[in-house]
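The values are calculated or read from the model by the stated rules, or taken from the named source; none is laboratory data. This is a predicted model, so every value here is computed, not measured. Cβ: placed from backbone, ideal geometry, glycine included. Neighbour counts: every protein chain shown. What goes into the accessible areas is simple: the full protein's heavy atoms, side chains included, and nothing from ligands, DNA or RNA. Shrake-Rupley method; radii C 1.70, N 1.55, O 1.52, S 1.80 Å.
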Amino acid sequence: MTVTITLIGGPTALIEIDGFRLLTDPTFDQPGDYQLPHVKLEKLTGPAMSVRDVGAIDAVLLSHDQHSDNLDHSGRDFLKEAKRVLTTEVGAKRLGGHTEGFAPWASTELKKNGHSLTITATPARHGPAGIEPLAGDVIGFVVESSKPGSRPIYISGDTTWFDGVAEVAKRFTCGVVLPFAGAAQTRGPFHLTMDTNDTIETARAFPDAVIVPVHTDGWAHFKQSAGDLRASFDTLGFGSRLRILEPGVATIVEMLS
């Protein structure tokens, strides 16, 4: 089974599977400063594709709506045109419109041309234990195709490694994993997304999945890059499982047999 993934920038990726087109956390704004209530974020690079280049999609998988590096101004406009937007329960209440809110382990189905995808929301924790009142609710997603012989795809959302991610690995035998990496750090000496160690733990939990990291470059508060992941995975001897995407290039990812 193959899936085509195009990295647009930061956490934003276009995932094409069985005729469905899914978009993760839409960020299409150009470089600049973004003032949040307690911190200013600096975007260093623009998207590799425009909203027009992306075209129509079947669903947006939005891990959360509170931070500009996961949903910016252009991304919010994009949500208005999307067929379906899946996100956290509290995020759906804030965004309104046709946005759909999900608690961890809740599922929904997409149907198209005789095929279907089951989308399951997964637990995520946007930093260390105790961060929830500051960082807010976040979810990841597992995408399962109805096509015989297919394997699920796991999209971590903004999370560090914790027991919720381990539970996803227990419940789903995923063939492709998209960890939100980069070791994001904004207001303390701790990271809010996966660092290299977290990504390695995730790879070990999904022992035969292809690891396709996103959320590694493009913002000043990302403290580790895709290059850091490459060096770490190669040193540990499982670099062949790591697939680094070139922004803007549609890449076919074949699941390991």
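Annotations for the structure displayed:
- Filter result (under 20 Å from the mean Cα position of the chain (by Cα), over 20 Å from ASP158 (Cβ atoms) and outside any strand (DSSP E or B)) within segment 1-29: ASP18, GLY19
- Within segment 164-182, considering residues that are more than 22 Å from LEU62 (Cβ to Cβ) and either touching a residue at least 40 places away in the same chain (Cβ under 8 Å) or among the aliphatic types (A, V, I, L, M) (or both), the one surrounded by the most Cβ atoms within 10 Å (Cβ to Cβ): GLY175
- Pairs where the first residue, in segment 151-163, is farther than 17 Å from VAL210 by Cα and open to solvent by 10 Å² or more (accessible area, probe 1.4 Å) and the second is at pLDDT below 95 and not hydrophobic (A, V, I, L, M, F, W, C), C-beta under 6 Å, 6+ apart: PHE162/ARG125
One line per residue, one yes/no per condition, for (1) at pLDDT 95 or above; (2) in a loop (DSSP other than H, G, I, E, B); (3) open to solvent by less than 30 Å² (accessible area, probe 1.4 Å); (4) under 16 Å from THR24 (Cβ atoms):
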{"position": "VAL60", "(1), (2), (3), (4)": "yes, no, yes, yes"}
{"position": "ASP65", "(1), (2), (3), (4)": "no, yes, yes, yes"}
{"position": "SER68", "(1), (2), (3), (4)": "no, yes, yes, yes"}
{"position": "LEU71", "(1), (2), (3), (4)": "no, yes, yes, yes"}
{"position": "SER74", "(1), (2), (3), (4)": "no, no, no, yes"}
{"position": "GLY97", "(1), (2), (3), (4)": "no, yes, no, no"}
{"position": "GLU100", "(1), (2), (3), (4)": "yes, no, no, yes"}
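- Residues that are open to solvent by 50 Å² or more (accessible area, probe 1.4 Å), more than 18 Å from ALA121 (Cα to Cα) and touching a Ser or Thr at 6+ places or on another chain (Cβ under 9 Å) within segment 76-93 are absent altogether.
Residues checked against (1) without any contact (Cβ under 8 Å) to a residue 60 or more places away in the chain; (2) of a type outside the set (Gly, Ala, Ser); (3) surrounded by fewer than 20 Cβ atoms within 10 Å (Cβ to Cβ):
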| position | (1), (2), (3) |
| --- | --- |
| THR202 | yes, yes, no |
| THR216 | yes, yes, no |
| SER225 | yes, no, yes |
| ALA231 | yes, no, yes |
| GLY237 | yes, no, yes |
| GLU246 | no, yes, yes |
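- Residue that is over 18 Å from the mean Cα position of the chain (by Cα) and more than 20 Å from LEU7 (Cβ to Cβ), where the choices are PHE190, PHE233: PHE190
- Within segment 102-115, considering residues that are open to solvent by less than 50 Å² (accessible area, probe 1.4 Å) and either modelled with pLDDT under 95 or closer than 12 Å to VAL85 by Cβ (or both), the one nearest to the chain's Cα centre (by Cα): PHE102
- Residue check for PHE206: under 20 Å from GLU144 (Cβ atoms) and of a type in the set (Phe, Trp, Tyr): yes
- Residue tally, condition open to solvent by less than 10 Å² (accessible area, probe 1.4 Å), of a type in the set (A, V, I, L, M, F, W, C) and under 20 Å from PHE180 (Cβ atoms), over segment 1-48: 10
- Candidates GLN66, GLN35, filtered to the one that is over 21 Å from LYS147 (Cα atoms) and in contact (Cβ under 8 Å) with a residue 12 or more places away in the chain: GLN66
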